[in-house]
Structures are given as structure tokens and as C-alpha cells.
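Heads up: the structure comes next, in C-alpha cells.
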Protein chains: 4
Amino acid sequence: MTDERAAADPELKKFYKKMETHHLAPLWEIMGRLAPVKPTPRARPHLWRWKDMLPLIEESGERALLGDGDRRVLGLINPGMDEGKWAATETLWAAYQYILPGEKAPPHRHSAAAIRFIIEGSGAYTTIEGDRCILDKGDFVVTPPWVWHDHGNDSDAPIIWMDGLDIPLVRDLDASFFELLGDRALPPEKPLGDSEGRYASGHLRPAWEEPDLSGSPLFVYKWARTEEALRRLAAVDASPFDDVVMEFTNPATGGPVLATISCRVQLIRSGVRTLAHRHTGGAVYLAVEGSGTSVIEGMRFDWERGDMFVVPPWAWHEHAGAGGEGILFSIHDSPVMQSLSLYMEEAYGEGDGHQEMTGIFA
Amino acid sequence: MTDERAAADPELKKFYKKMETHHLAPLWEIMGRLAPVKPTPRARPHLWRWKDMLPLIEESGERALLGDGDRRVLGLINPGMDEGKWAATETLWAAYQYILPGEKAPPHRHSAAAIRFIIEGSGAYTTIEGDRCILDKGDFVVTPPWVWHDHGNDSDAPIIWMDGLDIPLVRDLDASFFELLGDRALPPEKPLGDSEGRYASGHLRPAWEEPDLSGSPLFVYKWARTEEALRRLAAVDASPFDDVVMEFTNPATGGPVLATISCRVQLIRSGVRTLAHRHTGGAVYLAVEGSGTSVIEGMRFDWERGDMFVVPPWAWHEHAGAGGEGILFSIHDSPVMQSLSLYMEEAYGEGDGHQEMTGIFA
Amino acid sequence: MTDERAAADPELKKFYKKMETHHLAPLWEIMGRLAPVKPTPRARPHLWRWKDMLPLIEESGERALLGDGDRRVLGLINPGMDEGKWAATETLWAAYQYILPGEKAPPHRHSAAAIRFIIEGSGAYTTIEGDRCILDKGDFVVTPPWVWHDHGNDSDAPIIWMDGLDIPLVRDLDASFFELLGDRALPPEKPLGDSEGRYASGHLRPAWEEPDLSGSPLFVYKWARTEEALRRLAAVDASPFDDVVMEFTNPATGGPVLATISCRVQLIRSGVRTLAHRHTGGAVYLAVEGSGTSVIEGMRFDWERGDMFVVPPWAWHEHAGAGGEGILFSIHDSPVMQSLSLYMEEAYGEGDGHQEMTGIFA
Amino acid sequence: MTDERAAADPELKKFYKKMETHHLAPLWEIMGRLAPVKPTPRARPHLWRWKDMLPLIEESGERALLGDGDRRVLGLINPGMDEGKWAATETLWAAYQYILPGEKAPPHRHSAAAIRFIIEGSGAYTTIEGDRCILDKGDFVVTPPWVWHDHGNDSDAPIIWMDGLDIPLVRDLDASFFELLGDRALPPEKPLGDSEGRYASGHLRPAWEEPDLSGSPLFVYKWARTEEALRRLAAVDASPFDDVVMEFTNPATGGPVLATISCRVQLIRSGVRTLAHRHTGGAVYLAVEGSGTSVIEGMRFDWERGDMFVVPPWAWHEHAGAGGEGILFSIHDSPVMQSLSLYMEEAYGEGDGHQEMTGIFA
């Protein structure tokens, strides 16, 4: 604790020293840093470019020295984060994962919740509680906390997917558990497409079932349905801040797919320029198709297919369709904010609702 | 109140007379009738045959003398119900509605919740809160309570649909309200397919919307999706009592489409014979495709496309696929039972789980 | 079905006859009666006077011929109800129960939910799931559905209490179950005051317990706390329609004590005259202390300690303190209306918010 | 990132360097630290002794140099926490606050949720949304997030209370907001005891009100009721792990008083020795009365009135009554664990359910 007053006053200094010895801190010296008047996130807006990523991803195919259970995962480390805080935002881990033909991860489970989104390739699989889900490009997969799962690549070509997890949150909350299956038995195998067979229609459910997972009982959301939903919504309405934006839902509750992560897909139409706003909770975006532009805290980010970028908590942001349309997938910790009564939101009030541009991310 | 003891004892008779004068009843004389040891529904199992219905439906096209707001609706009157209790079960109204080309019902709203299921024809419409929904064969439509709606037939051929409402319940609960629009303005018109554009995918929702209807914000459930869902579920699982049975869900909650009515669709596969069970809550079934057999309280009912039949509360029932498969749509008051802590269920315990057959409904 | 048009038109008459044979009804002939434009309750406002009741209650002590499990219960029969519909309102049963010293009811359970409120005497008991609750004047007791219970009078003097149940609703919904214990074993006995020991404080709960009853886990609400709560609320606020009115809550949920019945206690202060309003859902009131006046559908009812009266659904009602204050206890089916999306409410809009008085109930 | 393999392999080292340049980290090198197999909390068990605290608290009365809005608050800094992470556990801030006669804190609000518990003195007050609550020894006060409040000491003697807030959590989640009232108007003043008048009974609520705070609408929980509840529960039941332990509840929901903090009070009876268990989520305890012993991760902590101590997440802990009984008040982040599906719990399985003692905290 630095304190000029204490330096100038030997008695005060002695008093502070005594407090420190007794593991106490004087609130009046640290108030502003302890409880800031508005969020001061360490996470910074940042963009990871696919053209830079792909060579590194491919190099990991040769160089990564994997032990048991390890996988070729290149995690986004926010430039604002400390050494040791490996994270894209304060609460979210996001990464590119690379799976070579024939590779498989051994069965495991963890208290962190996970999603993946297939960027390249077809024929990957994730087996969740005995349900083997086949994954193709654009598919989005949910792994609820603490369920046994494995994944691998049965195809002839490499697969690249985006991983999204709440690992930084779970670790900070001292609630991280991880287990390899070891000698235990896996959950019994289910018919192929079991979870989809039960819940994929979205608005019909097996009448006899009460799902009890801490997450969606539907594990895979196929791209064709996702894109169809976006197009249908585009025909009737859009958000002034996010254009055509949809949240993936847990069909058993209508809420987010995980207690800690909301997943969204978003069409930024050609020519559209949204208004700026900000809210508590951070996000990581993946450009799924096309290209577009986002302005975050005054900095312009031009994104293309395969890029990922971060919008930190309480950062002003707006989107625009450039030459053509673009589709973004994103993960958000907004359910955490909602559950803990910490969600706040604000529209950009100055001028015409757009930020002043102060730079271009290069 | 009939009471033999009172008849034999003049003092008791006098006492009972005084009570009656003061609008009191002695519980000890009526206990068994007031609170029976198990449900004694007035509703009886009954089948309405399409081959009998169609001529009457068509005759209504000529004979019905309709006033303002009237429609050609032929309501199922349970043979066990009193005169004046127009209902299929104690809580449910079900009917065949016939709409000639060009006919339309004027805008109205009611506190009763409604669904319809298209039996014959294409190109009918229902407009709900400004959202004009086009209805084809097999489509299922939800009208939440107290929303403005109208409907009509813009096609060249007659339409026949099934109506399902909770009118008997709402009337018995003294909560029936009905209004014609009159001079008021209708809700503003929305783009065609508005509700479907927002919610039809089932597992994606407009990220900015919190629906506040007393029922599903998705108004139309198209047959193609319904049938696809049934087929997919059939590939992975089924209920021992109902074979491949799905509940239509409110995408905003994952629960039933209405607070008072659960809607289901059910595939009875060829050769399958389900086990018998019973539960509180009654139901009306419509045979949508094919044929099959249901045994209700020991009576066998053979059903074919277009037939409707009633399973009363606490009645043993089981289903079987006859020569080919059959698809049933049904409405249930089970959400009422669940909400009021009155749901009870029992599997048939004797023999092999099947009822002894005591007759065939002719 | 009466229909003048059919009488005048032989073909139409024949058509209607055919429909009747096939258990069908033409909606266009019955619409107004089936789905009225506003509630048309059969229940009428009515008052049962303590001075008339007490002699009859006491006479029941001599004359009632009780079989096994019978009790001296004098049920309020609404003058608007049909023979055979023994009820105070469409959904509620209310009664005076009289228990002589030493009498006990054998253990039983029913799917109907019950409350009682002690009008006279002390030292009665109800044993619910092994928890023997001692009941004194003013105490209010909840019996959730389908739990084993018995009750009796261990004191030297007769006890009179008010019974309130949802029997008419449960019977109409075909969900009535009733069992005497017979040879089965009772739930194990618990320490005296078990439920109160856990939940009586209202805002502290045993930290390890998740109650799972279909009703409040607190069975007894003692009068001293009830009165204290009324007085404290009176010091800070009141309702314009009901003066100082409180709802008893389930401490595990903050909601009503039963899924079907809301219980309230209400202080009408001397000199206060409330505004009139109406809402769906009916109620039975018991005057607990003092006296007062209620105007229901234009009819004035003067009530005194021990009187009970009915406010039917959608009936205008307002209250006034006469010479002194009065305290009312009441049971309402409002949770049914809320759960089923049927709650509607309206303030009296004409004049000064008070009804025109059209008569005095004598 | 330290990596021996990279040090030995120049190509790998180059690859890792490139990743770092692009703000990427190889998961296979950090997996164990990123997502540990079980929680590795930085927070350590620790005890702050009243006999050490009181002189420092009193010295703060002389020495603290307070600016506008500052208060004499001595925060517990967990010895396991980094410099700059001022916190008792990863999520909780706890402190002794000292208010001299006549002192007052200016009106403010913050997104952090707060409680206080009065250790010494009477006649303090907290005004929350216009409701001035008078606070005496043993009283417990809730301040929901983002409501205007102030507090002060109107008595003639100093007041000492315990502060508990979720500041570390809220700051880490980048959701900290803080405002002084400045020139804005305060919420209108309410009658003295407004919140208690409405909700203090715990099981009666104003029938017309739907509270909408992100926390309990009852702001003060008086000691007399708290102690009475403990004694009544002690007469009927107790937890094997925590003896007589109760959670303060939000009377509007039956759940915890805040979305992020559960508050408990706990009687450890003389002679009782509880079993050990552990769970996710951390806690800070205040000894309110008497004395007792807690064993945390094998270390014995003897506590007396006024002491505070920390039980970190996933730490084994058990309690014992020493010579006499002791009462503990405690704050827990368990609602966070529950809301985010991260709650896990384990009973100590070895031996007789008690930890081996490895030391005594001196």
C-alpha cells in the first residue's frame, strides 16, 4: 500500500505497520482502487487474425509435445492480462483447437462449462454422456459442467474449432475440478444422435423427460438450422445495437445454453451501421462468414472469416457491414451478470449514437 | 340432501331443516360425495368418427345461421356431461370448425386459451396481435389468452380444423371474458411470419426480446417440423405408455404452450402395444394420420384419420399400432394439474400391464 | 338446447337432432352461454351470522351421527349454488367445525388442500406428518395436499374452528383422492413444535433443508405474531382497497401458503372507508375480532366476530370500519387465477370510487 | 511461461516466441495451472482476534484521515492474498467499521452488495431508499446492490460493526460502480421502520406488494428474533456438520438475502463436536457470543466474542463447543456457486469423520 500521508507522519506509519502485521488494511486509503466508480477492466479490445493464426495452428501440428490428455489448443491471451492470468477476458477462455486425423482426446470431465464452434473441417465428434455427436463446419456444441466427454477426428483432414470455456471464472472462484476417466466405466453408449433426436426440433420435447443437466440437454446445434433462423429473423426484425442477433437457447428452459455462458450468432448486413452501447460482461467473437467492421472503445477492427476478437466489459462497441455481409458467433458471460444482479447497460448518448473513431487496429 | 337417518328421526330432520334454512350442510352426510376417495369423472371415453362428422360438418356449411362473430363450429359434447355443460371433458372444449372460402371471423379476444390444428385444406390464416399466420394441413396454432385475433379462409376450398380451448375450465372458474373489437383499433400489422421469424427455430431467440405473453410467443408450429421431430425421436427412444410422444413447447420457457393446455403429438408405430397407465387430467385426441387402437377403461376404440376421442381423467388407457402406424395430436389439461399440485399418475399393475378388454366401441 | 330458429325450421331441427345424436353441439347457438363476455358466477354474496351459527354448531354436538372419520362440520352452502354443488364459492369449501373434549379424527389424507383458523377454544391439535401442532384461538394452520394428518381436542372445553378447503375445485377437476390410514404406519413422530422450530421465525431457515411439500413447511401461524405483523404494517402503509391487508406466506418461497389457496388477514381500522374494486377469484371471510361493514355488489353487510361471508368472483367490494376496528381472516382462490393466467382486476371507476348502496343484508 | 522443453529445443522456443508475439498460449504447457484438478485457493484459514483488533479499531478513531465519504473501516486482508487483492476470500470483503458519536457517511450507492452486523453499541442507523433503520447490538442489516443509502451514529458512544461485501467478486467481474449522491435528490423519506413494518414478521407480507429489489426487501433482522429462532431450532434439530445453523432469508423469495451472499447464524452448543466437510465457496465468520473451536484444514482455531475467521473454499472444517456455547454469524458466497452450477460438497470420509489435528493457530 502506497500512502504519502503515512510517509510524512511517523505515528500514522507505525499505525499502518501494525495494521499490516495484523493483516488489516485501512479502507480509506484504498477505496477508489477497491471499488472503482466504474469498471476498469484489464482486458483490452484485441483482434486475432486468421491469416496469422493458421500458420501457427498448423505449426502446432508438428511441434506440440502432447502428454496424456493434452490437445493442440492455442489460447487467446488478452494483452491486458497479467502473466499467469491466461484468459481472453476476465472470465472467458477462448482458443483455436487443431485436431489431426485419427487424434482423440481421452474421456474426461471438468467443472468448467465448454462450448466449441467448428471453423474448418467435417467429421469431428464429441461424445457427451454416451451420446456421440458428429460435428461439421458451423456446428456449435455445448458441454455442460462435470459431464464425461471425449472428442476426436475420424475424418481424413484436420479439424479446427473454436473452444470457449469459463475456466478463468471457475478458477478465480476456486471451483475448478478436473478428472480423467482412468479406470472408471464410461456412461453407457446411446444411439447416434440421441440428444438431437430428443431436442433438436427446439419446440417439441420428449413428453416423459425432465432434463437435469446444468446446461442444455441439446448438445449440438447444426449450422443449417442456425443460418435458417438468422435469415428468418432478418426478414422481420433486428436490434439497433447488434443488427440480426440471436441467442442460442436451452430448449428445456428457453434460457442460455449454460449457466455461465450465453452464445450468440449475429448477422451484420451489408450497409448496416449499428448504434453503440456498452454493458457489463465481456465477450469473444469469431467471424464465421464474410467480413465486417466493429468499433470498440473508438478503435476500428476490420474482421474476416476465422478472426476472433474481444469486446471487454463496459466497452463501447458498434458494428457495421462493410462490402458484404458478415456473420459473427460469440460467447458472453452475461448470464453471470444476470444471475448475480450485476447486469448494467447503457446506450451511447452523444452525437448520433456513434463513437468518435480514434484509430484503426493494425 | 337425502338422508335416511333424518327421515327416521324427527328431531334430526328438524335440525337438518334449520341448517338448510341457514344455508349450511352437514359434512358427515355428504363427505363421500363431496370428496370422493378417487376421481369420479362425469366425462366418459367416447369416439367421434370422421365418417359421421364430415357430412354434418358439410351440412353446417348450408344450415348454420351465423350472427356477427359466429362460426361454423361443431363442439364435442361428452355423453357423460349434463345438459348445459357443453364440454368434451370437465375442462376442455374440442370441436370441428368449418370455414368456407372467403369467410372470416371478426377480430375478438377472450380469456380462454385456444389452439387449433388444421385437419383439411390449406391457406387459412389466423392473425394474432397483428401477426398473420398462414395455416396448412397439419399446422398447429396457439392463441394465448386475451390477445386480439381473427381468422379466415383465403383459399378456394373449405378448411376444417380442430379447435381446442379451456372454455369449460375458465367458465367454471368464473373467469370468462369475451370481447369483439368493435370500434377499437387492431394492434399494428406485423411483417408476415413475424412470430415464426423470431421463434420458429426453437433453439435460437432474438437476443433482445423478453416475451411476456401468457402463452407461447411462437404462434404456429408447422407440420413438416413436427413430423421431422417425431421421426427423429422415434430413432432414439420412446415412452412405454405412449410410444413416440412429444410435447409442443413454449420456446421462451421450455414448458407447455399454454398455462392451461399441454399439446402433444404422438406416433404409434405399427406393431407396438404400449402399457396401460392413468393420471389425473383429461385429454382429447385427434387422429392426424393413419390408424390405430386405444383401449380406455377396458373398451377398445379403433381410430382413423379425422376421428377424435376422449380419455377422461384417471381412466386407464393404452395404445397399439394396428396394421400401420398412426399419428395422434392431443390436448391435455395436465398443466393445470401440475400448477395446482394435483398431478397423480399410476401404472397398471395387474398381469402384464395391459387392461382386460371388456368391449369394443361401435 | 333451446333454439327458436330450429323450432321454426324443420330441416334445421333435423340437422340439430342429428348433431345431438352424434354428441355434437352447434357453437353458434350456445356461444354466449358457453363463453360469457364477463364472469357470471353462481355464487352470491352472503353472510352467515355467528349468532345463528353458534346454536346450530352446539346442536350438532348432540345430534350429529358420526361414522368412522366423520366430524361435526357445518359447511357453508352458497345460496346461488345448485343442489349437489356443496360449496361457498365455485372453488372453495368453508365450514364451522366443532370438536368436543376428547374427540379426535382418525389419521387420513386427501388431495384437497386445507387450512383451519381457530375461532373458539384452546388446546386443539393437528398432527401433520408426525408433527403435533397445538392450536389456540387465532392460530392458523395449513395442511398441504396428500399429507397424513389427524386432529383432536385434548382440552376440557369444545373447540370451534373455521375449515377452508379447495374441495369443490379438486372435485370439479376430477382429482379428488381420500384415504383413511387403516393398517398403515403413521409417519414417525417428531419433536413437539417441529415445523415451528424450523420455520416460525419467517426469515431464518434451517440452512441444510430444502422443503418439498406442496404447501408451506410451516404448519402453524400463531395469532400473536399475526396480530403484531398487522399492527406494524398499519404503522407504515395500507391498501386503498383493503386497508391493512397481509398475505400469509410460505417461508420457503415467499408465495402463498398453498398452490390453490391464498390466506389473508386484514385490519379494517375505525373510520376507514376503502375504495371498491373487483377481481377474478372468489373469497370467504371470517370476522376474527371487532366488527365492520363490507359493501358487495351494492349490498351492505355488517359483520361481527364469528360471522363468515362470501365475496364472489368479479364482484365489486369495499370495506369500512364502523364504530371500532375489525379484523378479517380470509381464504382466496387467487393463486389458481395467477397460475392459470386468469387473474384480472379492476378499480371501481364511477363517482368517488364507492358503489351505490342498493340494500342492506338482513 | 516457463518450459524446460522449449529451453532445450530452439525450434520449439521460436514457435513459443511467435505465439507469445501473437498473444497466444499453448494449452498443453499450462493446463494443470489453468484448470486445476481441484480448487487451489489462495485464501488461507486465518483468525483475527478481537483483543488485537479493538486497540487498532480505537486507534483508527484518532488517526484515520478521512476524506469525503471515507469511513473508519479496517478490512481483513487474507494472508494468502497478493498485494493489491484486498480481500478476506477471493470473493468477499469483511471488515471492522468504527463510527464515532455524531459521525455520518454521506449518501451513496454501489453495485456491490453489502451487509453489516452490529458488534458493539446501539443507536446506529442505516437509511436505505428512504427507510431509516435503527441498529442495535446483534442486528443484521442488508443493503441490496445499487440502492441509495447512508449511515451514521446518533448515539453517545462509538459503534463497531462488521461489514461484509462482495467487492472482490464485483471488481473481478468488472462490474464495480460507485456513486456519491452529489446534487441529486435522495429517495423520499419513509416512515421509521418501513421495511420492518412490511416484512419483519417473515411469514406475512403486504398483500398488494411485489418487491423488486436485487436483495431482501427486509433491511434489518433484529437480534432478539434471530436468537429466538436459533433456540427454537435447537430444540428440534441440528446439522451434523454445523450444529444449529440457520440461513437468513429474503422473505419475498425464501432464498438468500442477496444474490451473491448468504448470511448465516449458528449456535455451537457446549459439548457438541460436528463432523468435518468441505464445499466450494468461502466464508468469513464473526463470533457473536461465547466461545468455541473450529478446525480448518487440520489447524485448530479457538475463537471468542468479536473474533473473525476465514474458511477458504474447499477447506475441511468442523466445529466444537468448548467450555460453553458459542454463536457465530457468517457470510458465504454460496449463492454464487449455486447460481453458476459450481456448488460441490464432500463429507470427510476418513476415520470417524474428524480431521487429524496438525497445529493450533496462535
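Among the GluC sites (Glu not before Pro) within segment B:37-95, those in coil by DSSP and having at most 15 neighbouring Cβ atoms inside 10 Å are B:83.
Cα extents for segment C:272-362 along the principal axes, largest to smallest and rounded to whole angstrom: 39, 31, 22. Hey, if you put +1 on the Cβ of every Lys and Arg and -1 on every Asp and Glu Cβ in segment D:46-360, which of D:53, D:114, D:125 ends up farthest toward the positive end of that dipole? The residue sitting most towards the positive pole is D:125. Shown for chain B is the translational diffusion coefficient from the Stokes-Einstein equation, using the Kirkwood radius over Cα pairs, a temperature of 10 °C and a viscosity of 1.306 mPa s: 72 µm²/s.
By the count of other C-beta atoms within 10 Å, a proxy for reagent exposure, A:126, C:253, A:89 are ordered fewest to most as C:253, A:126, A:89. Placing dummy labels 7 Å off each Cα toward the beta-carbon, the span from residue C:224 to residue B:104 is 7.0 nm.
Summary value for chain A: 15 percent relative contact order, contacts being C-alpha pairs under 8 angstrom separated by 6+ residues. Of all chain B C-beta atoms, the nearest to the rotation axis linking B with D is recorded, alongside its rounded Å distance, as B:212, 8.
Label point of residue C:210 (7 Å along Cα→beta-carbon): distances to the other copies' equivalent points are 1.1, 2.6, 2.7 nm, sorted ascending. Segment residue D:192..residue D:350, full-extension length gain: 51.5 nm, with 0.36 nm per residue of separation and the alpha-carbon distance subtracted. Computed from backbone phi with θ = phi - 60° and the Karplus coefficients 6.51, -1.76 and 1.60, the 3J(HN,Hα) list for segment D:196-207 is 5, x, 7, 10, 5, 5, x, 10, 9, 10, x, 5 Hz; x is used for glycine and proline.
By the count of neighbouring beta-carbon atoms within 10 Å, fewest first, C:357, B:162 end up ordered C:357, B:162. Residue D:323 label point (Cα plus 7 Å toward Cβ) to equivalent points in the other copies: 6.3, 8.5, 9.4 nm, shortest first. The same position residue D:8 in the other copies lies at 5.8, 10.4, 10.6 nm from this copy, comparing label points 7 Å beyond Cα toward the beta-carbon, shortest first. Taking Cα centre as origin and charging only the Cβ of basic (Lys, Arg, +1) and acidic (Asp, Glu, -1) residues, the dipole magnitude of segment D:46-360 rounds to 420 debye. Computed over segment B:211-362, the Cα gyration tensor eigenvalues convert (square root of 5λ each) into semi-axes of 25, 19, 14 Å, ordered from largest to smallest.
To the nearest 0.05, what FRET efficiency results for residue A:305 and residue A:235 with a Förster distance of 30 Å applied to their C-beta separation? Efficiency for this residue pair is about 0.80. Placing pseudo-labels 7 Å out from each Cα toward the beta carbon at residue D:184 and residue C:157 gives an inter-label distance of 5.9 nm. Toward the positive end of the charge dipole of segment D:46-360, with +1 on the Cβ of Lys and Arg and -1 on the Cβ of Asp and Glu, the farthest Cα among D:250, D:208, D:79 is that of D:208. Give me the distance between the Cα centres of segment B:43-66 and segment D:208-240, rounded to whole Å. Measuring centre to centre over Cα atoms gives 61 Å.
Placing unit charges on the Cβ atoms of the charged side chains and taking the dipole of segment B:124-260 about its Cα centre, the candidate lying farthest along the positive direction among B:187, B:144, B:220 is B:220. Using Cβ point charges alone (K and R +1, D and E -1), the dipole size of the protein assembly as shown about the Cα centre works out to roughly 0 debye.
Each 20 Å bin from zero up to the one holding the largest Cα-Cα distance in the protein assembly as shown carries the following percent of pairs: 9, 31, 38, 19, 3, 0. Close Lys pairs in segment A:46-360 (alpha-carbon distance under 27 Å; sequence gap of 8 or more, or different chains): 10.
Histogrammed with a bin width of 5 Å, the alpha carbon distances of segment D:1-92 distribute as 2, 10, 12, 12, 12, 11, 8, 7, 8, 7, 6, 3, 0 percent, first bin at zero.
For segment D:42-128, the alpha carbon convex hull comes to 132 Å³ per residue, rounded to a whole number.
Values in this text are rule-based calculations from the coordinates and carry no lab data. Computed from a predicted structure; not experimentally measured. So basically every Cβ, Gly included, is an ideal-geometry build from the backbone, and we count neighbours across all protein chains shown.
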